[in-house]
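Throughout, read-outs are computed from the coordinates displayed, never taken from laboratory work. Owing to the predicted nature of the structure, the values given are computational and were not obtained by experimental measurement. A quick note on method: Cβ atoms are made from the backbone with ideal geometry, for glycine too, and the neighbour counts reach across all protein chains shown.
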Amino acid sequence: MDVNLMRDFEELEGMNVQEEENAPIGGGAADADEDDENFRPVNCATLSSADIFYELEKRNIKSTGFPDTDKDLLQKAFDAEFEADREDARARRKEAKRRAALQAGLQKRRMLMESTLQEEQDALALDHQVTMMLELVRENNTATTMRLDVNSVTARVLAKAMWANNTITCLDLSSNNLNDHAGSYLARILKRNFTLKKLELDDNNFGPRTCAAFGESLRVNTSLVYLSLDSNPLVVGSDGVPAGVNVNVAEEPEVFDVSGIAALAASLRENTSLTSLNLWRCNIPSNGGPCIADAMECNKTVLFLEIGANQVNLSDAKRVAACLDANLADYEASERSRRAAETDKAKKEAAQQAVVEKAKQDEEIKLWLQNRREGRAEERRAEEEQRVLEAIQETEDAAKRLEQERKAAAAKAAEEAAKKAAKGDKKKKK
């Protein structure tokens, strides 16, 4: 058997296994009735003096030397041992009963779980569309808002799937004719799901069990903002008839069990996320009104609580209205403070951003000027280098021209000398 599967089943069913394990079993007269009648303390009167002396020594009891006193001492020891043995036997019987009861409880829960799971599998086999949607829910492959038509069995499967879902924020299961058992499963979604913000469950058949489950869940949930249980028979009489139905004014008015409503209301003392709760036409009797009014006096976050079309007394309704007015005033004041704080923060951030932008702009200008200076200096260096290079080139060109001119003059002089020499030779020959 899967331990985690069993643990989840027990939590969804609202089974308090710890209390069951710690529940007292038997005790008092019941244990005495089960004692063995033949189990009695040893009577010292049947023992010899030697036996008495031996038994005293075995128990480290010193003999007084007086037979009657020694008998009394030994008899007290026998009686104490008898009581200890009897209590030990009773403890063993009690432990055996406890273990048997735990085993029987475990077996009962296992059989209930198996039958419940089988019922859910059979229901899913008949509705392939819901099966497909539930698979999408498990895989977090849905839109954030979902409206689903389910029955009381497939709704339980949906509740299990929602435990692992972190996509859906708004779930609408209104007008599905779901029973109280399914409602308790849906309520316990909130014990593990902290993504869901809006839950609409109007016009079903939820009752006290669902209310109690919501009471458990809302104590720990920190995400749900809107819950609507409009038109659900949350309170029923001893005959199972919803409160306010078939009331005979000639008879003594029945005091209805409002433990479910009381649990739901009590959760409002601790919950800090819920702002809207719709209990319109939920068969809340007059003795349920004080539970809601008392809880609302400790709540500072609920801004909308609809309890109309019930049998709530006017005095309790006025108390609830006064609490809602106070919460709304506090909320509006808080919102004004928050908006003012956000405005101040935005202004400060804008001023800081302006300073940062100005510093950035100044830095960019400084960098641009630096780049310009370096650019101009580089240009001047380049121009100077170019001028020097040109001067060097001009000097070299001038030197080359002078050399060429020198060589040309030398060549010309040599040519002229050669011509003169040739003319001189001709004159000598003549």
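A compact table of results
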read-out: Partners for K427 among lysines (Cα-Cα distance below 18 Å; same-chain residues under 8 apart left out); value: K419
read-out: Label-point separation, A84 to E390 (7 Å along Cα→Cβ), nm; value: 12.5
read-out: Top positive-direction residue, dipole computed over segment 345-430 with Cβ charges, set A351, V388, A422; value: A422
read-out: Interchain or long-range residues, amide H under 5 Å from V236's placed H; value: A243
read-out: Dipole magnitude (debye, nearest 20) for segment 91-136, charges at Cβ of Lys, Arg, Asp, Glu; value: 1060
read-out: 3J(HN,Hα) from dihedral phi, segment 217-234, Karplus parametrisation 6.51/-1.76/1.60, rounded to Hz, x for glycine, proline; value: 6, 5, 5, 10, 6, 10, 10, 5, 10, 10, 9, 10, 10, 3, 6, 10, x, 5
read-out: Cβ-derived FRET efficiency at R0 25 Å, E270 paired with V225, nearest 0.05; value: 0.95
read-out: Rounded to 5, the percent of DSSP beta bridges in the chain classed as antiparallel; value: 5
read-out: Selected from V130, V255, V356 as most flexible by GNM, with the chain as the system and alpha-carbon contacts under 10 Å; value: V356
read-out: Kirkwood hydrodynamic radius of segment 84-146, from inverse mean 1/r over distinct Cα pairs, in Å; value: 15.7
read-out: Share of Cα-Cα pairs in the chain lying beyond 38 Å, as whole percent; value: 60
read-out: Of K300/K345; K198/K348; K191/K345; K197/K318; K108/K160, pairs whose Cα-Cα distance is over 30 Å; value: K198/K348; K191/K345
read-out: Net charge of Cβ neighbours under 9 Å - reference S175; Lys, Arg +1; Asp, Glu -1; value: -3
read-out: Which of I52, I261, I307 has the fewest Cβ neighbours within 10 Å, and the rest in rising order; value: I52, I307, I261
read-out: All-pairs alpha carbon distance profile, segment 289-402, 5 Å steps from 0, percent; value: 2, 9, 9, 7, 6, 5, 5, 5, 4, 5, 4, 4, 4, 4, 4, 3, 3, 3, 3, 2, 2, 2, 2, 1, 1, 0
read-out: Crossing angle, helix 128-138 versus the chain [Cα axis fit, 0-90 degrees, rounded to tens]; value: 70
read-out: Helix-only CD estimate at 222 nm, as mean residue ellipticity for the chain, using -39500 (n - 2.57) per DSSP H run (n ≥ 4); value: -21500 deg cm²/dmol
read-out: Degrees between helix 49-58 axis and first principal axis of the chain (Cα, 0 to 90, nearest 10); value: 10
read-out: Among S273, N221, Q370 the positive-end extreme of the charge dipole of the chain (Cβ point charges); value: Q370
read-out: Cα shape, segment 345-430, gyration tensor, a/c 1.5 rule; value: prolate
read-out: Q404/A350 FRET efficiency (R0 51 Å; Cβ-Cβ; nearest 0.05); value: 0.05
read-out: Helix 154-163 axis, angle to the chain major axis (alpha carbon atoms, nearest 10°); value: 50
read-out: Dipole magnitude of the chain about its Cα centre (Cβ charges: Lys, Arg +1; Asp, Glu -1), debye to nearest 20; value: 5940
